[in-house]
1. Which residue, of B:Ala202, B:Ala240, is modelled with pLDDT of 70 or more, under 30 Å from B:Ser146 (Cβ atoms) and not in a strand (DSSP E or B)?
2. Being buried (at least 22 other Cβ atoms within 10 Å of the Cβ), at the interface with chain B (Cβ under 10 Å from one of its Cβ atoms) and either among the aliphatic types (A, V, I, L, M) or not in a strand (DSSP E or B) (or both) is the filter here; which residues of the stretch A:471-499 pass it?
3. Select from the stretch A:688-715 the residues that are within 14 Å of chain B (Cβ to nearest Cβ) and touching a helix residue (DSSP H, G or I) at 6+ places or on another chain (Cβ under 6 Å) and list them in ascending order.
4. For the stretch A:387-403, does any single residue satisfy the condition of being assigned to a loop (DSSP other than H, G, I, E, B) and surrounded by fewer than 17 Cβ atoms within 10 Å (Cβ to Cβ)?
5. Restricting attention to the stretch B:142-187, and to residues there that are away from every other protein chain (no Cβ under 14 Å) and among the hydroxyl-bearing types (Ser, Thr, Tyr), which single residue is nearest to B:Thr51 (Cα to Cα)?
6. Are any of the residues in the stretch A:342-353 within 13 Å of chain B (Cβ to nearest Cβ), touching a strand residue (DSSP E or B) at 6+ places or on another chain (Cβ under 8 Å), touching a residue at least 40 places away in the same chain (Cβ under 8 Å) and on the phi < 0 side of the Ramachandran plot?
7. For the stretch B:1-24, give me each residue that is facing chain A (nearest Cβ under 7 Å) and of a type in the set (Gly, Ala, Ser).
8. Applying the selection to the stretch B:95-149, what residues are touching a Pro at 6+ places or on another chain (Cβ under 6 Å) and either more than 28 Å from A:Ala497 (Cβ to Cβ) or part of a strand (DSSP E or B) (or both)?
Amino acid sequence: MTEYSRPYASVQYGNGRRRYEVRENDRGWFLYYDLVDQLKAERLVKSAWYIPTAMPADLAPYTLRQTGSDWTDDIVPVDQGTLKGLRLQHYIEDMDFMVSGGPVSVTACRYFYTFLAQYPDPVGGEWWTIEESMKHSANFEDYWDFKKSADGLFVEMIQKQSAYGTFLSNQPIRTIVWFDQEGGLCPNLWWAFGVRRQATADNVDEFLKDNPDIFEEVDDVLCTAFYFGGMNDTHPHIPEGKIYYRWVLRVPISGKPVLCEGRPTAWSGHGEEMEYTEWQYFPVKLEGAELKEQTAKSLATDGVTYIVGVLGDHLVVCELGADSFAFYRVPNAAQPIIPNGGVRMVNFPGQCALWMAPVKFDPGLFDGANEKFVRLRAPAYLYPNYDKARIGYYMYGWTLRGWSSATETYRWPDTRPDWWPPFTDWPPKGPPGVWPSTPPYGWPEDQEWPPRWIETVENPVPPPPTVEINLPREVPTPVPDHPTYVSGGGVYFDHWAADAGTPPQSLLWKLSIEPITYNPPQTETGRPTLLTHTTPFIQGVSLWQNAVVTDNGEDAPAFTALPTPHVLDIHRGLGDMGGVDGSYDLVVTNREENVGFNPATAIRLGATMRVTVGARMSDGTLNSFPIGDFVVAEKTFTRKEAGFTLADYLQMLALEKWTDGRLNFRLWTSKAAITWLLNHCGFGEDWYDLEDIGTYLTDISPQGNQWLIEPGEPIGQILAKIAYMGQEKAAIWCDGFRIKTGCPYCRTKRTAATLFTHQNNGWNSSGCRAADIARAGGEGVDRTIIALASYDEASLIIAEGIDAEETGLRSSEFATRITIGGRDEFGFGLQQTLVNLNASPTDEDPTADYIGWNINHYQAEDNLKTWTDLFSRAFHVFHQIGVRHLNLKRIVLPLTVTEDHYMGKPAKMLWEGDVVKVLGGRGIGAHGKLFRVVQAAHNLQEMRTTLFVKEMVGPYG
Amino acid sequence: MANMFPSPMYGGIVPVTPVFRSVYAGHSGGISVLPQNDTPAWTRLAVGSPTEAVAYGRLSIATSAASALRYWIEDTDLSNDGGSVVELRAKVTAGSSAANTGLLLEIKNGSVQYVAWIRPGGYNIHDQPAVAKDLTGWHVYRLAGSGVDCLLTIDDAVVQYGHANALTDATRVGFGTAAGYGYATAQVDWCKARPFYPWGNARDGGWIMTIGPHAGSANIPAVLDGSSFVIVEVDHSAEAVFSLAEPPIFTDANGDSLEDIGIHVEFLCDTNGSGFKVKMTNYSWTGYGYPLVSFLWTRRGFVEV
């Protein structure tokens, strides 16, 4: 067996093209457009209808004839606080026309709706339905008249009676009109309601005075109530035969309308068996435009019509004809904000004219051939060009498009956790899979939100009782959704060259938006379906041109050997936000007597240097391996020597700054974003090796600018930011040949399944240990370092010196309190603090955690929007730096290309992420412990390796 | 930053609607391709020696009086009831100038076909008047049809209404030039087709209907020279009036074979929308006497409403 003789290093240089590159006309770019801002700046053109004045009655419903001789925009911008985006123009269409396309013998509302009049029992107060007021009664028309409204948009449903005579007294009448159908109405329904009150019964006041209990029984006293978002017994917690409504807009006889949210207030049973036995309505605060105050007179003369609907996560209300909305940003209800059940109008007391109809988003007259679009008004000129074959695009906003069986999406599971407060309907607000920032109604006052930890597969290691950390409960895994009957709601995007250049230099684009229609078949009744509608709400558009990466071949630089280096000094380590943390220095001879070849002048800046290191064995053979291809970034030279400062690929990306447009990686996967940037910078597939943990770069801010990158930011910095902030604190580094992302400790590529095992115990996390064993075998130790020569004289890995430290001076190294700051979708700051309580009680043991002083680490990341995000980051950071550990800040070793004299294994250097075990070193407390390499410096000239290592401990040992 | 599902219900990436099912965009797999090399491939119909090329996602074609080049693709989503739209972004820099010639844009929806013609100096829907307009620059043309009606827009402005010009069983869209219908030098940025949006209403312009089969019979005097005939008049106006009708189809009603007894059936020219006439001539052997011919007739076309 040959023995190790001496270290070996060789360098080749190549002045040719780099292996991968993007040529000038192949470059990419990125543009993000905030649509409302663009529209306000008159940079977009909207599609519109021209409605001729003379449109004949049989060709158009009244609403269109009314707007004759005018242009009507298809798409309307909304910009009211957090309510920002584009919606489709809404139309009220005469329902008779809508259903039949012409005159009808029985008005459509009489056909579709259900009618009731009720009176309170003069003795018990219970409400009794008057049979004659129902459609099947021969006397129906004694109670009801149907008359086209003056504006032609509605049919007024006039309830003509004000009182019902009983054997004791005349009782005031409550009027009810409701509508539901098989399959329900459109989720996030847009609907119009209206009322005009007639004379009230003379004895109403007297009746109310005599029956004070009625106020406790009825939600609808002395108002007209518009209920919408019905939920029937198909809901798992609603009793059979009951319908509860999520929302009600109450229009009092005098005063402003009030929007109320329906919530359970009493229940029976538990868990899946629980049933809501009582449901009440609670007012919520409307923002935005003020709704007009109504009076008895205004209600009795003109009446009032309201439109309710949903834009994004806002419930909106407006009066008919108004330009702006009163709105409520719903903090505590899941999508769809308006469930897909029925609607109901209740008026009390007295005679009234009621009207209601679905709101449409398409006039329905023009064959469906048209598109509703916004289009760029003037061409966008791009550097270097526009090549439509390489364009990608995203549109951002809210829609129900994903709520159809055609494009499966995800929702919260139906099963509510046992501990979920019964006061709040399940599921919670927001995307499935994360707890919302707002606690649910009825959350116990003595418990914190989010609730405390329970053991899960992802969090298998329970915290010891002495460590106080807040851990959310398990978040249910989202389940696929299979709703049907929704059509439309998508978008279509066109782009084309705006000039005739070859290649074209500019582009125009057009974004078309589809209305959403809900059309459940009426299989049981065989009746026609009343189509109901809602609108998408679109915020932004991004489009980008992918770069074309040319592969010049692996040996494209055409390598030539350099003289043996005088100095080859390689240093690489972990930065906390990625690994642009290394230096590579090379010195070779530059004597002028080397006629015809002086490295200083023969090697160009940007040339590629391939570095190989290893060992010359006693029989003269080489045991070597290449450690990287580096780029000549700087040359310093004398007549004797030429020095080259080399850079790895990631370091070169610190020099390349983003200049190619408005970059916004909103909702890209973090891996896709990193890959796109690497391709943009001319990295082919052999130049990167990225982990994929399935994380999205989420952004729920109204502005959509969380991942908007301003020009001028170095690409390397953008990559590090995406990896750290968007990919669970991933490390990004260059291993000499490829840019890699992976675990910040062990440098393994994590997956979504193994992610939490790489952060469950800091430097000693279980997934990292498993990866160590897979890499190094045995107990997962790459090298054993002998701190005392007598341990193993045959070993080459005998430390010349070890400097150790414990530090409390750098809060990013060690802290007793770790606080992570985020910001939720309402703009509220979120904060999660984890405290090492072991550091608080007095303990004189020198190995104890007691410090006696607070060392606080604070880290603000506004992209952390939810408690789940925040917890995940705090958990990770706390485990990394929340526990005292020993740093061996300088271990000086012989060059670690080998493990021992005999080199049974191929030569290998120690690099960051590797594990070393120290034998000896009792005086510094290092004996027998495992340490993870954080920085490694290899000096070929001095045949020395210097390491900085951290003790592999976590809060759980 | 989370393993969060970016569902558009919660504010996310809105799915692009693949409403245009038949699309030629000039590129596929990141490179420019001719329509016949697209995925799926368009069928190429060439007469003579036309030229074609594609670069930067733009197709260039040039035909002459002696050549034609047309591309089409099957699209079974297109229907007459549901309505169909085909959209073309093109510039026509040279070509023929008469009506019903030039660069064509066509829809065949399984019942009828609509055709629009684009020329450097104007346009028309087939058999509609030619309208003068400089079309040598880039424009987006949209031909939309349902029932018997169609319309043509240029850059989203309606420029002409027209009608279907033939019945067809094919479902396809196409563009290019056709032999006998002029020629063009043109560039095409894209051609794509879709049904009407589901939320749109099809116009109430009529629909395809077949009436019959109905039985009839006639006695034809027997003579040897074939000059003996009867003219049968059928009036179906009580059932339907067709605006665009195929000639009636005659078939043997009782299996005694119209051929054996030597009957010649000739549709007279006035097969109008409310009825038709046929002339039945007896070429049989005289021994047959006065043959009683039993026949069935059916008729298909647009019912006028």
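1. On the way: B:Ala202 fails: modelled with pLDDT of 70 or more.
On inspection, the qualifying residue turns out to be B:Ala240.
2. Within the stretch A:471-499, A:Gly489, A:Gly490, A:Val491, A:Ala497 meet the criteria.
3. Here is the first cut: in the stretch A:688-715, the residues within 14 Å of chain B (Cβ to nearest Cβ) are A:691-707.
Of everything in the stretch A:688-715, those that are within 14 Å of chain B (Cβ to nearest Cβ) and touching a helix residue (DSSP H, G or I) at 6+ places or on another chain (Cβ under 6 Å) turn out to be A:Asp692, A:Ile693, A:Thr695, A:Leu697.
4. Initial filter on the stretch A:387-403 (assigned to a loop (DSSP other than H, G, I, E, B)): A:387, A:399-400.
From what is left, the residues that are surrounded by fewer than 17 Cβ atoms within 10 Å (Cβ to Cβ) are none.
No, the conditions are met nowhere in the stretch A:387-403.
5. Only one residue fits best here, namely B:Thr185.
6. Initial filter on the stretch A:342-353 (within 13 Å of chain B (Cβ to nearest Cβ)): none.
No, the stretch A:342-353 contains no residue that is within 13 Å of chain B (Cβ to nearest Cβ), touching a strand residue (DSSP E or B) at 6+ places or on another chain (Cβ under 8 Å), touching a residue at least 40 places away in the same chain (Cβ under 8 Å) and on the phi < 0 side of the Ramachandran plot.
7. B:Ala2, B:Ser7, B:Gly11, B:Gly12
8. If the condition is that a residue be touching a Pro at 6+ places or on another chain (Cβ under 6 Å) and either more than 28 Å from A:Ala497 (Cβ to Cβ) or part of a strand (DSSP E or B) (or both), then B:Gly95 is the only one that fits.
The values are calculated or read from the model by the stated rules, or taken from the named source; none is laboratory data. Computed from a predicted model, the values in this text were never measured in an experiment. Backbone-built Cβ (ideal geometry, glycine too); neighbour counts: all protein chains shown.
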